[in-house]
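Working notes, beginning with the structure itself.
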Amino acid sequence: MAHEVHAYSEVHHEPKSFWTKYIFSQDAKIIGIQYLITAFVMGFIAMVLSWLMRLQLGFPGKAFPWLEKLLPNAAQGGILNQDFYLATVTMHGTIMIFFFITAAGTGGFSNFLIPLQIGARDMAFPFVNMLSYWVYLAACIVLVASFFVPGGPAGGGWTMYPPLSSTKEALMGSGWGATLWLIAMALFIVSTTMGSLNYITTVLNLRTRGMTMGRLPLTVWALFITAILGLLSFPVLFAAAVMLLLDRHLGTSFFTPYLVVSDKHIPHEGGNPILWQHLFWFLAHPEVYIAILPSMGITSEVLATNARKPIFGYRMMVASIAAIAFLSFIVWGHHMFVSGMNPMLGTAFMTTTLLIAVPSAIKTFNWLTTLWGGNLRFTTAMLFAIGFVSTFVTGGLTGIFLGNPPIDIQLHDTYFVVAHFHFVMGVSAVFGLFAGVYHWFPKMFGRMINETLGKLHFWLTFIGVYFVFFPMHYLGFLGVPRRYYAFDQYEFIPQALVHNINVVISIAAFLVGAAQLLFVLNFLWSVFKGPKADRNPWKANTLEWQAPSPPPHGNWGDELPVVYRWPYDYSVPGAPEDFIPQTVPPTPARVRGDGGDGGQQR
Amino acid sequence: MPTQKRVGRIEGVLLPLLLVVLVIVAAVTVAFARHFGWWLRPLASEHGAAIDRLFVITLVITGLVFILVQSLLALFVFRYRGENGRRAIFYPDNPRLEITWTVIPAVILTALIVSGGRLWSRIQLTPPPPDAFAVEVWGQQFKWAIRYPGKDGKFGRTDMRLIMGDNPLGIDTKDPASKDDIFFPAGEGELHIPVGKPVVIYLRSKDVIHSFYVPQFRVKQDAVPGMVTRIWFVPTKKGTFEIACAELCGQGHYTMRGVLIVEDEAKVREWLAQQSTVADLIP
């Protein structure tokens, strides 16, 4: 018996009110933009915190009256006090890693790109998707609230090692601040878990006809594997956070042994601080790959599209993402070589850690070869993608020092580590996010973002970050420890040299910070006043560029797209244009055994 | 035929230029870092020599890769900067090339793993010789306490519950081995160790995780509450060195400086003989 086929638009009720369209939206595109905006706001807060840190490190002991007016409790006498300094260090790291980079990469780009790039109408679980954003926002609010509680925010570093983080007698921020930090992290983890479930299910189940896994754009592969990583690793930190809350509030002894803090006896029995480190790093190491993989996927996409060439080595690129993800679960101990854990574990973790450099090397050479022989078009997104490759290499190479335990003895907890992780996360991953925003801005908002301002943003940032973070390698050589409020207590630290290096770093940091205002102003202005964007301004192949800019609710109108080829048919010999979108059917085969137009239909 | 317009003239020249400047500045400053004094602190331990060698080898390898990759990036950005009318090359893969740059990094990294592993075993998996000079260092917020085992060479039992007033390390005076222990409350003592002889340091903490770090010895080891960790080494230079804390321990983390004196063993023993013991100090 035939039944009536209803057009999609008849059956699916579009949200009608302002609230359901833009605020409590279940549309993944809107949710993605909500994540991006919130994440960038959080990133801005964390950047301001870094300016405070750099003020202290570049100009120690110098009183700034305006600082005292701004932060009367944290900067008595116009100088940032030690407790608040530790709070800025802690909150800067926590916000940047989780609430900015991870949220923007997974929450922002997974939501915006996955349904569009696989030809789906939305995520598999739209209500849970909406919930994931609001739980993330709640986590942000709880974390920011911790600035206003007695004792101030958590100050134990983003790593929050107990007993420092479990014992309010040991640190002011280990009172209310640490409790709120733990609650915020728990909420964040709930949010990412809901997100991961959506992304994985959607990629596996909702690909449109013809979109085999082998025809997925690399962005989708990266975001898909990132979601699996998150699903398997975040719950461990959740458990650890619960255990730490119990140690703090109910007197359990998971991580806390018998302590005597400033003559006060705090009786616990049998707890081991190293347990926290294992549980924390079991998440936190995969976490840094969760932070970078979306940017790697974005970079692959942006490089290929703007070089007008297929990404080189698609299969190896997918395999290397999978290898990085797998290996990332078995390297966590490289953060703990001198922690007091059994040194035999050091040998094991060294092996896996140095090996994880191999798939990263493969990706780097494949990106380089993608540029080779290309016809490069330097959009702002392309500049940031190339910048990603440069800064990722710089940061990744220093990981080879740190992954080798005898060398790590000397470099652990020094500025060498700070240089390393800033280059890979603070610069490289963020460059990937910028590339993504500039590249998909037309699709998100239906307008073009200003390229001149965008490029200026790129030049200032790219030059600036090298001035901020490269000198830190030398501070590491000198053995300067990290998380130090000042360096004047030690003769082994050459005072004038280290001070001068710190001044350079601080000034560069302020300038880079100022340059980000260009991005903010450009973004805001262009959203409302930018020139209207075409459907496919970059002449790209992936499915999202077949939809209107911005796509309507349901993305595709009444007919879902059908896919006939992989996303990288750029500059196919003999084809009339230098790109062939995935929806273009193959022309009849002639003599060659391929798809007729020389493109790939694998 | 009209000249082909090069799109991205500025970007395609400026970006490679910046990358070349980066390579030159990085290569020169790193190559001369030692000369400028931006280098590891002067070595004063035996095992440190092998660490420094491995460090320099790693620096050379990563330095060469850095120069290679950034230069190729610069070259390709310049060489292939856009030109209207020119088509890019359709070059989707080359398995042999990809295998090459999988195998070569794997080989280099395996070599680093093997040499790192062997050195690590020597440093951390080899127990100290039985006649090593032993001393115990306690971290607490924000100073270091010290205990020597005394003439019997044995540390007396401790119990955190016994920590109070004149017994800041919780030494159990009922244990006969504790009678001749020599201890200094946090911040009051100096660490004296002999030159040219294995020294083993047992690390403990009263309150939070600290880390015992002496840059010139290439020594760093966390001091963890609730357990005893251990590091051993052979000092090769006499002199006064500083201990810095290398694990965030609170507000005063950056002030947690200790003093460590390396001198002839005879002098160390002479100094120890003059110190008060537990029997003298704890009723």
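On the given criteria, is residue A:507 in contact with a Pro (Cβ under 6 Å, 6 or more places away or on another chain), farther than 21 Å from residue A:293 by Cα and of a type in the set (Val, Ile, Thr)? Give the derivation first.
On the way: in contact with a Pro (Cβ under 6 Å, 6 or more places away or on another chain): no; farther than 21 Å from residue A:293 by Cα: yes; of a type in the set (Val, Ile, Thr): yes.
In short, no.
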Criterion: surrounded by fewer than 22 Cβ atoms within 10 Å (Cβ to Cβ) and more than 10 Å from chain B (Cβ to nearest Cβ) - qualifying residue of A:242, A:220: A:242
From the options B:117, B:153, B:189, residue that is small (Gly, Ala, Ser), more than 24 Å from residue A:266 (Cα to Cα) and not assigned by TED's automatic domain parsing to the domain that holds residue B:270: B:117
Number of positions in segment A:330-365 that are in a helix (DSSP H, G or I), facing another protein chain (nearest Cβ under 7 Å) and of a type outside the set (A, V, I, L, M): 6
Inter-residue pairs, beta-carbon under 6 Å, first under 22 Å from residue B:59 (Cα atoms) and of a type in the set (A, V, I, L, M, F, W, C) and in segment A:476-493, second modelled with pLDDT under 95 and surrounded by fewer than 24 Cβ atoms within 10 Å (Cβ to Cβ), 6+ apart: A:477/B:38
Pair list, Cβ under 7 Å, 6 or more apart: segment B:123-144 residue more than 14 Å from every other protein chain (Cβ to nearest Cβ), other residue of a type in the set (D, E, K, R): B:133/B:197; B:136/B:147; B:136/B:204
Counted residues, segment A:392-444 - those being acidic (Asp, Glu) and either within 30 Å of residue A:546 (Cα to Cα) or in a helix (DSSP H, G or I) (or both): 1
Checking residue A:459 against (1) away from every other protein chain (no Cβ under 14 Å); (2) surrounded by fewer than 21 Cβ atoms within 10 Å (Cβ to Cβ); (3) closer than 30 Å to residue A:375 by Cβ, the condition it does not meet: (1)
Residue B:255 vs. criteria modelled with pLDDT of 95 or more and either more than 25 Å from residue B:171 (Cβ to Cβ) or not aliphatic (A, V, I, L, M) (or both): yes
Odd one out for residue A:254 among (1) surrounded by fewer than 24 Cβ atoms within 10 Å (Cβ to Cβ); (2) in contact (Cβ under 8 Å) with a residue 24 or more places away in the chain: (2)
Cβ-Cβ under 7 Å pairs, at least 6 apart or on other chains, segment B:61-90 side more than 8 Å from chain A (Cβ to nearest Cβ), far side outside any helix (DSSP H, G or I) and of a type outside the set (S, T, N, Q): B:84/B:5; B:84/B:7
Residue count, segment A:368-388 (criterion: within 7 Å of another protein chain (Cβ to nearest Cβ) and crowded, with 24+ Cβ neighbours inside 10 Å): 5
Test: residue in segment B:244-255 that is among the aromatic types (Phe, Trp, Tyr) and under 30 Å from residue A:152 (Cα atoms): yes
Within segment A:136-151, considering residues that are in contact (Cβ under 8 Å) with a residue 40 or more places away in the chain and of a type in the set (Val, Ile, Thr), the one farthest from residue A:231 (Cα to Cα): A:144
Total residues in segment B:261-278, condition more than 28 Å from residue B:176 (Cβ to Cβ) and touching a Ser or Thr at 6+ places or on another chain (Cβ under 7 Å): 1
Long-range neighbours under 8 Å by Cβ, at least six apart or interchain, first residue at positive phi and modelled with pLDDT of 65 or more within segment A:574-602, second among the charged types (D, E, K, R) and buried (at least 17 other Cβ atoms within 10 Å of the Cβ): A:574/A:597
Among the candidates A:510, A:445, residue that is more than 14 Å from chain B (Cβ to nearest Cβ), surrounded by fewer than 18 Cβ atoms within 10 Å (Cβ to Cβ) and farther than 23 Å from residue B:214 by Cβ: A:510
Matching residues in segment A:286-309 - criterion: being polar (S, T, N, Q) and within 14 Å of chain B (Cβ to nearest Cβ): A:299, A:300, A:305, A:306
Residue satisfying all of: in segment B:133-176; in contact with a Lys or Arg (Cβ under 8 Å, 6 or more places away or on another chain) and aromatic (Phe, Trp, Tyr); farthest from residue B:221 (Cα to Cα) among these: B:155
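Do we find a residue being outside any helix (DSSP H, G or I), at pLDDT 95 or above, more than 19 Å from residue A:429 (Cα to Cα) and more than 8 Å from chain B (Cβ to nearest Cβ) anywhere in segment A:464-478? Before the answer, list the steps.
First, pick out the residues of segment A:464-478 that are outside any helix (DSSP H, G or I): A:478.
Then drop every residue that is not at pLDDT 95 or above, which leaves A:478.
Checking the rest, the ones that are also more than 19 Å from residue A:429 (Cα to Cα) come to A:478.
Right, trim to more than 8 Å from chain B (Cβ to nearest Cβ) and you get none.
No, segment A:464-478 contains no residue that is outside any helix (DSSP H, G or I), at pLDDT 95 or above, more than 19 Å from residue A:429 (Cα to Cα) and more than 8 Å from chain B (Cβ to nearest Cβ).
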Any hit, segment A:357-376, residues being farther than 30 Å from residue B:89 by Cα and without any contact (Cβ under 8 Å) to a residue 60 or more places away in the chain: no
Failed criterion for residue A:312 (all others in (1) within 9 Å of chain B (Cβ to nearest Cβ); (2) aromatic (Phe, Trp, Tyr); (3) without any contact (Cβ under 8 Å) to a residue 12 or more places away in the chain hold): (3)
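Looking at residue B:196, is it more than 20 Å from the chain's Cα centre (by Cα), in the same structural domain as residue B:273 (by TED's automatic domain parsing) and closer than 20 Å to residue A:487 by Cα?
Criteria not met by residue B:196.
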Single match in B:137, B:65, B:69 (criterion: within 25 Å of residue A:385 (Cα to Cα), surrounded by 21 or more Cβ atoms within 10 Å (Cβ to Cβ) and either modelled with pLDDT of 95 or more or not assigned by TED's automatic domain parsing to the domain that holds residue B:238 (or both)): B:69
Conditions (1) more than 10 Å from chain A (Cβ to nearest Cβ); (2) under 30 Å from residue B:253 (Cβ atoms); (3) surrounded by 14 or more Cβ atoms within 10 Å (Cβ to Cβ): number failed by residue B:179: (2)
Selection status of residue B:113, without any contact (Cβ under 8 Å) to a residue 12 or more places away in the chain, at the interface with chain A (Cβ under 10 Å from one of its Cβ atoms) and among the hydrophobic types (A, V, I, L, M, F, W, C): yes
Residue identified as over 24 Å from the mean Cα position of the chain (by Cα), part of a helix (DSSP H, G or I) and either within 14 Å of chain B (Cβ to nearest Cβ) or among the β-branched types (Val, Ile, Thr) (or both) among A:501, A:493: A:501
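The values are calculated or read from the model by the stated rules, or taken from the named source; none is laboratory data. This structure is a prediction, so every number in the text was calculated from the model and none was measured. So basically every Cβ, Gly included, is an ideal-geometry build from the backbone, and we count neighbours across all protein chains shown.
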